Structure formats: structure tokens, C-alpha cells
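Reviewing the structure listed below.
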Amino acid sequence: MEVKAIDWGASGTVRLLDQTLLPGEVRYLDIGSTDQMIEAIKLLRVRGAPLIGIAAAMELAVAAERRSTGGGGSDQAALEWLDDTARGLRGARPTAVNLAWAVDRMAARGSAALDSGGEEELASALREEAQKIWDEDAEMCRAIGDAGAEVVQRGAAILTHCNAGRLATGGVGTALGVIYAAHDQGKDVRVYVDETRPLNQGSRLTAWELTESGIPCTVITDSMAATLMASGSLDMVVVGADRIAANGDIANKIGTYGLAVLADAHGIPFYSAAPSSTFDLSLEAGSEIPIEQRAREEVATAEGAEVFNPAFDITPARLITGIITDRGIVKSPSRESIRKMFADQESGATA
Ligand code: MRU
């Protein structure tokens, strides 16, 4: 698929594919201010845990370029500007830890550049760091695909939820990265795509991505998953994750928990795929993960009715067969198995 979800734009801008218009229209937006980027993240024009981290990192870099073109200021003023801009971007969405992780990493790099070379070094250091975050994510997606393809049987029918593919990451995706890798190995996989109410990231985005890549897929509404599993025609479930706590509980798109319960009831393996940047070892359990509540307008209903619209839910580790990461698969995830694989990340966790 040639379409890119994100790119560097003309000077001082980031190019975003407006995902709210897909699959009907492929339109790019040139984001030229931090407020515009925050709005694009909030409105899900750009979305997916790793990709919003990359988008925020790229925005910080081009914002520094705009600042230096505008004349800059003292190093102290630059540091205050960096803190403020980082805080605004960090707060755009609360659940995916990749956003906070990427922004904090950019702020640390920016502050080190100001210390060593003053404002002259800021913009180039930030652009280099943002590109690194993007490149590393692409590499992690590739590694997740390689690790995950091993647990995909030839001819497998796989159910996925939301969109955890090229439109959600800096590379081929996490859950879809596994599917692409299995497909590339000639495993002849078939994909069932959950519609993913209320914003339909499955039926709009994943179905578009898979058809563009020539992978056969069948869309179901979220309420059909139980019937699909009971029919005996499903072999595994693979989803992404927005944040993973130290005990292996995962936050992912609303509806994921229901799928895990159903998969458990039908004896179907349930996998989550995520890069190292999605693990938040500062949180003991999924109950500590902040869950984004979204506007009532996203759910069509009668004017007087109240709406409960959490964007994510928590799937407990006990329902997860394995977490597929860029470092390998954490089977039957637990505090011990996660600590073993991510010991080096324990002190650097992000709240
Ligand atoms: O609200 P969204 O569309 O940003 O939610 C995205 C998901 O839940 C994905 O499954 C998750 O971010 C993993 S993306 C590789």
C-alpha cells in the first residue's frame, strides 16, 4: 500500500492522512500549528497508539523550526516553550501511553540540546529524535510481525478489532503486522474484521488497509463475534494495545475485553500485539490505566438519552494467551514474565 498515514510536510508542517474521511476519500492535511495537531489527535484524524506518539514528536520538531524561523529567544524561554508545547501535546489523549512516552522522550532530547548547544541546536535535535522514534517504531512493527507469524497456523481464520495496522503505527502495524507477516509467508490467512463501534475503525480503516494489500477480509458487526466463534470457523483473535500494565492487563479499543471473554469461552487463542513503547511498568494493574471518555455525539441516540462512551476497555492478563512484542512473545503474561522481558524499562516507565 503506497498511502502513508504521516510524513514530513513543507517547511514547518506535518502531513497527515485524514483518517476520519476513509475509506471514501484519501485527503492529506498540512498541519502547521500545535493547536491543529492537538485537534487532529483529539478528533482521530490521526490515531492509533504508536502513530499519535510519532505525530506529536514530529509536531514538536516542526514547531521548533517555526520558532527558530520566527527569531527564537533566550535558552530559558526556549525551555519554557518546550515544556508548554510538550504538555499540550501530551494531554491530547490519555489512554495510549505511546503519546506520553514519545513526548517525554522529545522533551528530554530538546532540553539536552538546549544545555549543550543552546537554541541553535534545538530544532535539528528534535527532528532527529522524532525521525528516530518513527524509524524505531517501523522496526518494532517488523519484529512483532516476525514473532507473531510463528503462532499463526496455515489457513488460519483470524479476528481483529479496531485498526492496529499501517494507519495506526509508523510501520506495518502490530496486530496487522502479524497478519501481513503470515500472509507474506504464504500462510493463506483469512481475516474477520470487527466493525468496532462507535467510530468503525475496523470496517472503515482495517478493511480498507487489508483490501489495499490484497488480503481477503470479511467485516462483521461487533455483536456477531459470539456467533462467529460458536460456528467453529475462527482460529485466533489478534488485537493491538494502547497501554500494558506491569501485570499484563491491556487497555485497547472498547470491545476488546468482550472478545477476550468470548474467546476464552470458546477455547480460541487470544493475542495482543504491541511494541515495547506500549508497556507502562509504572502501573501495577490495568485498573490504574486512565480510560478516555468520548463525546455523546459519537453514539447515535434519542436526544434525551444519556450516553456511556468509554473509548477503551481493560482485558485482564488471565484472558490473554500471549502478548506479541518486538522482543518475542510473552506467553500467559504475568508480572514475572513481563518483568523478565522488560527489566530495562522498569525505571523509565511513564504515567
Ligand atoms: O481510538 P483509536 O482508533 O486511536 O484506538 C486505537 C486502538 O485501540 C488500537 O488497537 C491501538 O491503538 C493499537 S494501534 C497499533
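Show the residue pairs that are 6+ apart or on different chains and have beta-carbon atoms under 8 Å apart, the first residue being within the range 219-244 and polar (S, T, N, Q), the second being not in a helix (DSSP H, G or I).
Close Cβ pairs (under 8 Å, with a partner that is not in a helix (DSSP H, G or I)) amount to 221/194; 221/195; 221/197; 233/157.
Being in contact with a strand residue (DSSP E or B) (Cβ under 9 Å, 6 or more places away or on another chain) and open to solvent by less than 20 Å² (accessible area, probe 1.4 Å): is that true of residue 16 here?
Yes.
Go through the range 2-13 and report how many residues are outside any loop (DSSP other than H, G, I, E, B) and over 18 Å from the mean Cα position of the chain (by Cα).
Summing the residues that are outside any loop (DSSP other than H, G, I, E, B) and over 18 Å from the mean Cα position of the chain (by Cα) in the range 2-13 gives 1.
How many residues, within the range 132-159, are touching a residue at least 24 places away in the same chain (Cβ under 8 Å), in a helix (DSSP H, G or I) and not acidic (Asp, Glu)?
So the count comes out to 12.
Can you tell me which of 26, 46, 3 is aliphatic (A, V, I, L, M) and crowded, with 24+ Cβ neighbours inside 10 Å?
So the residue among 26, 46, 3 that is aliphatic (A, V, I, L, M) and crowded, with 24+ Cβ neighbours inside 10 Å is 46.
Filter the range 260-285 down to the residues that are of a type in the set (Gly, Ala, Ser), open to solvent by 20 Å² or more (accessible area, probe 1.4 Å) and in a helix (DSSP H, G or I) and list them by number.
The one that is of a type in the set (Gly, Ala, Ser), open to solvent by 20 Å² or more (accessible area, probe 1.4 Å) and in a helix (DSSP H, G or I): 265.
Please indicate, with yes or no, whether at least one residue in the range 143-151 is closer than 16 Å to residue 49 by Cα and buried (at least 24 other Cβ atoms within 10 Å of the Cβ).
yes
Within the range 62-75, is even one residue touching a Phe, Trp or Tyr at 6+ places or on another chain (Cβ under 6 Å) and crowded, with 23+ Cβ neighbours inside 10 Å?
no
Determine whether residue 260 is of a type in the set (Gly, Ala, Ser) and either within 28 Å of residue 172 (Cβ to Cβ) or free of Cβ contacts under 8 Å to residues at least 40 places away in the same chain (or both).
yes
Within the range 250-259, how many residues turn out to be open to solvent by 20 Å² or more (accessible area, probe 1.4 Å) and either polar (S, T, N, Q) or not in a helix (DSSP H, G or I) (or both)?
2
Checking residue 45 against (1) among the basic types (Lys, Arg); (2) within 30 Å of residue 324 (Cβ to Cβ); (3) not in a loop (DSSP other than H, G, I, E, B), which single condition isn't satisfied?
(3)
Are any residues in the range 29-43 open to solvent by 10 Å² or more (accessible area, probe 1.4 Å) and either away from the ligand (no atom under 16 Å from the Cβ) or touching a helix residue (DSSP H, G or I) at 6+ places or on another chain (Cβ under 7 Å) (or both), and if so, which ones?
Correct list: 29, 30, 32, 33, 34, 35, 36, 38, 43.
Restricting attention to the range 178-206, and to residues there that are under 18 Å from the mean Cα position of the chain (by Cα) and acidic (Asp, Glu), which single residue is farthest from residue 25 (Cα to Cα)?
That would be 194.
Could you tell me whether any residue of the range 65-87 is of a type outside the set (Phe, Trp, Tyr) and touching a residue at least 60 places away in the same chain (Cβ under 8 Å)?
Yes, because at least one residue in the range 65-87 is of a type outside the set (Phe, Trp, Tyr) and touching a residue at least 60 places away in the same chain (Cβ under 8 Å).
Inside the range 290-337, can you point out the residues that are of a type in the set (D, E, K, R), outside any loop (DSSP other than H, G, I, E, B) and crowded, with 16+ Cβ neighbours inside 10 Å?
313
Hey, can you tell me all the residues within the range 211-237 that are of a type outside the set (Asp, Glu), in contact with a His (Cβ under 9 Å, 6 or more places away or on another chain) and either under 19 Å from residue 182 (Cβ atoms) or within 16 Å of the ligand (Cβ to nearest atom) (or both)?
213, 214, 215, 225, 234, 237
What number of residues in the range 31-50 are touching a strand residue (DSSP E or B) at 6+ places or on another chain (Cβ under 8 Å) and under 18 Å from residue 123 (Cβ atoms)?
Matching residues across the range 31-50 total 2.
The values are calculated or read from the model by the stated rules, or taken from the named source; none is laboratory data. For clarity, every value in this text was computed on a predicted model and none was experimentally measured. Cβ atoms come from the backbone with ideal geometry, glycine included; neighbour counts cover every protein chain shown. Please note that ligands, DNA and RNA were not included when accessible areas were found on the heavy atoms of the full protein model with its side chains. Shrake-Rupley method; radii C 1.70, N 1.55, O 1.52, S 1.80 Å.
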